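Written below as structure tokens is the structure these notes are about.
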């Protein structure tokens, strides 16, 4: 068993300081929804630890319609509440809950594409981000921006600890930022095209090729 714990990782995540153009959606001194996000993330990691994930999927940073609202990388509120039935992952019936009460249920293209392909291949992924806070354009927290190199460096110790929680799970980088972070850690991994901006088909092809190395070709 890993010597680190999920609770200690989440505690250190919640303590990370965010600059003016980023938000820590897990912060202890934030709105009440942050506690729900911490609980959602805790359940997601516990579920992955109990099952044993097929891969650790590493992204760039939480998006404003994704983990910024849910607390769980690569999910939207719609996906988190509905769950991913073929994988037995997430779902309101398993305790996952809304953290943001603004009258809408978010959808997020990257989450939709990623879990559509993961479910089709029967791959149970545990997700994390190179920069685990939500970076946004100045003055607009309902936007996204690429994390700076210093922000990715800030997130690397937590990425290393999450990777150590799942030592048997091969790491898969979604996009350039995740690829650079895992390379800096010296972590063996494969790189997939990010599905955004017309990359969905190439992402799906890359994920299928990865699944084939595991002897997996779908449910």
(message) Restricting to region 112-124, name every residue that is farther than 14 Å from residue 192 by Cα and touching a residue at least 24 places away in the same chain (Cβ under 8 Å).
(response) 112, 115, 119, 120, 121, 122, 123, 124
(message) Between 181, 187, 173, which is within 15 Å of residue 73 (Cβ to Cβ) and not in a helix (DSSP H, G or I)?
(response) 173
(message) Let me confirm something: among 88, 127, 95, which residue is within 22 Å of residue 191 (Cα to Cα) and modelled with pLDDT of 95 or more?
(response) 127
(message) Restricting to region 23-38, and then to whatever is over 19 Å from residue 77 (Cα atoms) and out of contact with any helix residue (DSSP H, G or I) (no Cβ under 7 Å at 6 or more places or on another chain), can you tell me which residue is surrounded by the fewest Cβ atoms within 10 Å (Cβ to Cβ)?
(response) 29
(request) Please work out which residue is surrounded by the most Cβ atoms within 10 Å (Cβ to Cβ), limiting yourself to region 1-22 and to residues that are modelled with pLDDT of 95 or more and closer than 23 Å to residue 87 by Cβ. (result) 9
(request) Pull up region 80-95, narrow it to residues that are under 25 Å from residue 195 (Cα atoms) and part of a loop (DSSP other than H, G, I, E, B), then point me to the one that is nearest to the chain's Cα centre (by Cα). (result) 90
(message) Quick check on region 177-202: of everything there that is touching a residue at least 12 places away in the same chain (Cβ under 8 Å), out of contact with any strand residue (DSSP E or B) (no Cβ under 6 Å at 6 or more places or on another chain) and within 16 Å of residue 155 (Cβ to Cβ), which residue is surrounded by the most Cβ atoms within 10 Å (Cβ to Cβ)?
(response) 181
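Here is a yes/no grid of residues against (1) part of a helix (DSSP H, G or I); (2) over 27 Å from residue 6 (Cα atoms):
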{"residue": "100", "(1), (2)": "no, no"}
{"residue": "110", "(1), (2)": "yes, no"}
{"residue": "114", "(1), (2)": "yes, no"}
{"residue": "119", "(1), (2)": "yes, no"}
{"residue": "123", "(1), (2)": "no, no"}
{"residue": "143", "(1), (2)": "no, yes"}
{"residue": "146", "(1), (2)": "no, no"}
{"residue": "153", "(1), (2)": "yes, no"}
{"residue": "160", "(1), (2)": "yes, no"}
(request) For residue 41, work out the one condition from (1) in a helix (DSSP H, G or I); (2) surrounded by fewer than 21 Cβ atoms within 10 Å (Cβ to Cβ) it doesn't fulfil. (result) (2)
(request) Starting from residues that are free of Cβ contacts under 8 Å to residues at least 60 places away in the same chain and part of a loop (DSSP other than H, G, I, E, B), keep the ones in region 48-73 and report whichever is surrounded by the fewest Cβ atoms within 10 Å (Cβ to Cβ). (result) 65
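The values are calculated or read from the model by the stated rules, or taken from the named source; none is laboratory data. Predicted model only: the values in this text are computed from it and were never measured. Note that we place each Cβ from the backbone using ideal geometry, even for glycine, and neighbour counts take in every protein chain shown.
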